[in-house]
1. Just checking: which of the helices (runs of 4 or more DSSP H) contained wholly in segment 220-324 hold 3 or more residues that are without any contact (Cβ under 8 Å) to a residue 24 or more places away in the chain and surrounded by fewer than 20 Cβ atoms within 10 Å (Cβ to Cβ)?
2. Which residue pairs have Cβ atoms under 9 Å apart, sit 6 or more places apart or on different chains, and have a first residue in segment 153-182 that is within 28 Å of Glu247 (Cβ to Cβ) and a second that is assigned to a helix (DSSP H, G or I) and acidic (Asp, Glu)?
3. Of a type in the set (Val, Ile, Thr), under 27 Å from Val107 (Cα atoms) and surrounded by fewer than 20 Cβ atoms within 10 Å (Cβ to Cβ): does that describe Thr46?
4. Go through segment 16-64 and give me each residue that's assigned to a loop (DSSP other than H, G, I, E, B) and β-branched (Val, Ile, Thr).
5. Report the residue count in segment 325-346 for those that are surrounded by fewer than 20 Cβ atoms within 10 Å (Cβ to Cβ), within 12 Å of Asn379 (Cα to Cα) and not β-branched (Val, Ile, Thr).
6. I'm told Ser410 meets every condition in (1) closer than 26 Å to Ala76 by Cα; (2) surrounded by fewer than 17 Cβ atoms within 10 Å (Cβ to Cβ); (3) of a type in the set (S, T, N, Q) except one. Can you identify the failing condition by its number?
7. Suppose we filter segment 394-444 for residues that are farther than 21 Å from His381 by Cα and touching a Cys at 6+ places or on another chain (Cβ under 8 Å); how many remain?
8. Of everything in segment 183-229, what is at pLDDT 95 or above, among the polar types (S, T, N, Q) and under 30 Å from Ala354 (Cβ atoms)? Give them in sequence order.
Amino acid sequence: MLIDRLKSIVGPKGWTTDPIDLESSSTEWRGVVYGSTPIVISPASTEEVSAVVRACADADVAVVPQGGNTGMCAGAVPDESGTQIVLSLARMNHIRHVDADNFSMEVEAGCILRKIQEAASDADRLFALSLGAEGSCQIGGNLSTNAGGVNVVRYGTARAQALGIEAVLADGTVVSSLRSLRKDTAGYDLKQLFIGSEGTLGIITAATLKLFPTPGAISTALVAIESSGDAVRLLAYLRSELADSIEAFELVSDFVFGLVTNHNPDLRLPFDDRAPWYVLLDAAVGNSAQPLENALAGAAQSGLLSDAVIAKNSSEAQQFWRMRHSIAEAERHAGKALKHDISVPVSRMEEFLALGDRLLEDLVPDAQLIAFGHVGDGNLHYNVALPASSANTEAVTTAIYELVDQLGGSFSAEHGVGRLKRHYLPKYRGSSEIELMRTLKKALDPKNILNPGKVI
């Protein structure tokens, strides 16, 4: 029997059938999607992952790899059949090696992102990936979705921060490409098959990550602006003044910060007068905030901002960022909204928001826009809270995605496709692209046991 074989592979500490654990692992964290599984298997090594996958392949039973289960597209949730095995990477949480001289580190897939950041910091290095769920998300999940986060504007997505990958294929074969090289043209770059594939082509078990020099003192500023277009122009201006020192550049609407402050009474905006939009930014300008202060003063003279506050200390900077990282939770408490993780060329961000306003006014005049995101890389979380009586949710999402496509954008910027967006992929990707994806999936997973029903 498969279940008995799986239990013997991982030992008594590596499995659970406790109903509470099963429900938690079968539910998307926002409570939007529910599934079912007979058991959660938690291997402690790559060899155990390989054996688990081989056993499932022999039994023609699907495996759903799961990290911190913090995804936004139900990519790590089993279906409702009750037959799919959830494979948790949580026990594979060791940092194998930090090579400070090579600016690299090797970690297991179950490592919590914050633990990796701290290990890099202890070696006087920076691992730059940073996002709201970093206290609970795991690096395997970050890589499998090609996570973005707040530092993409300078360091790129998770894909840009991976030097090597170890993964288990659908037949249990281990592909180990954990080299820590910046230059390596010997054959295909196989790690790229697994990064962003959401566990459908292989299960990531370890990774070699790229580290950076510590940026030194960071100055954090919260800036009030009158339009989203001013954010794009402000970024261009600051880049011209401060070169490559902009670490993060986040756009948040006044309505969204209102949700945050209502849900967190201890947080507040540091302005006497409210503005339609705000930018939260980090700049690595050394021990003095003077360069950032001078740049913001110049931007104010150019009419790009109406007010700005530079954090006086790390505590105040953390408060500013806590407001940003509290958005998802505040939004959840405010009620359900249609989630749209979109990207458009930065130069067309203002155009998208203006056209989007008109679109929503025509389709659902009573809707409330909840907009925020990483405008520095063109990624916007364009969420729409609809009246309870609204029935045309699909029409709203389709119209938004059509607009995004017309502007040369993507309906999935950093959250992945998963289960919730799977039906949009054929619509917004060319037939040749889709066929190549299917060819890859069939070649690497002929029995379709790796996270079926996700992506493609």
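1. Those helices (runs of 4 or more DSSP H) span 228-242, 290-301.
2. Val153/Asp377; Gly156/Asp377; Thr157/Asp377
3. Details: of a type in the set (Val, Ile, Thr): yes; under 27 Å from Val107 (Cα atoms): yes; surrounded by fewer than 20 Cβ atoms within 10 Å (Cβ to Cβ): yes.
Here the answer is yes, as Thr46 does meet what is asked.
4. Across segment 16-64, the qualifying residues are Thr17, Val32, Val33, Thr37, Ile39, Val61.
5. Qualifying residue count, segment 325-346: 1.
6. Only one criterion in (1) closer than 26 Å to Ala76 by Cα; (2) surrounded by fewer than 17 Cβ atoms within 10 Å (Cβ to Cβ); (3) of a type in the set (S, T, N, Q) is unmet by Ser410, namely (2).
7. Number satisfying all stated conditions: 0.
8. Thr220
The values are calculated or read from the model by the stated rules, or taken from the named source; none is laboratory data. Just so we're clear, the structure is a prediction, and the values are computed from it rather than from any experiment. Cβ: placed from backbone, ideal geometry, glycine included. Neighbour counts: every protein chain shown.
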